[in-house]
1. Nearest 0.05, what FRET efficiency do ALA91 and GLN164 give at R0 = 41 Å with Cβ-Cβ as r?
2. Provide the net charge surrounding ASP157, with neighbours chosen by a C-beta distance below 11 Å and charges set as Lys +1, Arg +1, Asp -1, Glu -1.
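What follows is calculated from the coordinates using simple rules that are stated; it is not laboratory data. Bear in mind that the values here come from a model prediction, so they are computed numbers and not experimental data. Here the Cβ positions follow ideal geometry from the backbone for every residue, glycine too, while neighbour counts run over all protein chains shown.
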Amino acid sequence: MTRTSSVRRVALLAAALAALAVSCGTTPEPDRAAAGPGTAATASATPGAPEATAADPTTAPAEPDGTPTTTGETVRDAFATLQATLNESCATDCSYFLNRVHRELQELDAAMKADPKGPGHFPEPIQKIAELNNTLAGDTSFENLKKHEKLLVGTRDFINTWMQGHPDDYR
């Protein structure tokens, strides 16, 4: 019985090491969709791909069908950074918190408007951000953000709920 369990342990260990060796021995292809501004050079190094133009640094090499890709933030990434503010509040550094929520909402708004599905795919979040921006009237000072804190946080919370109800829209 002891010999059988030793053989099983050795076989299990060998199988685990073999699986680990296979997974560590492969080099994954870069994910062009996840490429950010710092990876544009590697994305344009693809053979046969056109270089990004100096006039438009956000344009990456074209997709196989000829449509340009953008290196801007995706809706998924922008939503994830907005969600990272959910457990924060004005309790520690109110200025930082309010400015961060405002910035994350603006980045999500830009990502939704630039999404290949089109801005019509995210009508309610874009409308809520527009209402917030109209209320703020371009004044993003701490005093104005604090004055409209309830609307700012409420917009974030509304969008979080809306996006959670539409997971296929950003994944």
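1. The calculated FRET efficiency here is 0.95.
2. Within the 11 Å Cβ shell, the charges total +3.
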